[in-house]
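Inspection log for the structure reproduced underneath, given as structure tokens.
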Amino acid sequence: MTAVVLLLHGTKVYYLLNYVPVSAQNYGYIPTEEDWMDRHEVWHFKDGNCSPRVLRGLSEGIRQLSSSNCVVCFVPASTKAKTESRYANVASRIQSMTGIPCSYTAISKRTDSASGHLSGKQADPASDFSFDVNFFRGKKVILIDDVVTRGNTLKGTASRLLEKGAREVVALTVARTFNPLFQNAMVACQIQCA
């Protein structure tokens, strides 16, 4: 698996997979077998069933991005229950595999809400997040999220982490939304993951 880096709003964002939305079919795109496999990997991850392939990719990406005095935090899902379902096991397994402290509760939502793809994303979803600054102050934060589309959540979260004392923030997502029919060309470099 390969992780690719984008520069969104000044934050390096690495991702493992391309997520081709179902809506691409409305415009005549026929998904490949790989598109379907990646889409299912993302859906399973969102449901709290991280595949061995994604777990290895995240762990290897974290190892490659880590430095001394580094921690891993997770962007909260739309509800506390979804955040725990999605990240509790993954955080524990990544910490065990990498030896790097991981917390899925260091960033939390103040209020539960409908999922952004159903209710529409707010301009700055991170405005509803609270932060345990003691976990990350003075440290490099590797910020994990499921999918990056426009980057607003990652931008807001990274900005707040830095304001609250993180030394540096890089993001690693399972996937980026990619619509082959409308996607702008992006310059990307790759790091190899297991």
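Side notes on the structure shown:
- Screening segment 67-92 for residues that are touching a Gly at 6+ places or on another chain (Cβ under 9 Å) and not basic (Lys, Arg) and picking the one that is most open to solvent (accessible area, probe 1.4 Å) gives Glu84.
- Of all residue pairs spaced 6 or more apart or on separate chains, those with beta-carbon atoms under 7 Å, a first member in segment 149-173 that is under 20 Å from Ser66 (Cα atoms) and among the polar types (S, T, N, Q) and a second member that is modelled with pLDDT of 95 or more and not in a helix (DSSP H, G or I) are Thr157/Val75; Thr157/Ile107; Thr157/Phe129; Thr157/Leu143; Thr173/Asp145; Thr173/Asp146.
- Pick from segment 154-178, criterion open to solvent by 20 Å² or more (accessible area, probe 1.4 Å) and closer than 22 Å to His44 by Cα, ranking: modelled with the lowest pLDDT: Phe178
- Residue match in segment 137-151 (condition: modelled with pLDDT under 95, closer than 22 Å to Asp47 by Cβ and open to solvent by 20 Å² or more (accessible area, probe 1.4 Å)): yes
- The set of residues from segment 22-58 being in a helix (DSSP H, G or I) and among the small types (Gly, Ala, Ser) comprises Ser23, Ala24, Gly57.
- Which listed residue, of Ile94, Ile62, Ile100, is at pLDDT 90 or above and in a loop (DSSP other than H, G, I, E, B): Ile100
The values are calculated or read from the model by the stated rules, or taken from the named source; none is laboratory data. Note that the structure is a prediction, hence the values are computed from the model and not measured. All Cβ positions, even for glycine, are placed from backbone atoms using ideal geometry, and neighbour counts span all protein chains on display. Each accessible area value is taken on the protein alone, full model and side chains, heavy atoms only, with ligands, DNA and RNA left out. Shrake-Rupley method; radii C 1.70, N 1.55, O 1.52, S 1.80 Å.
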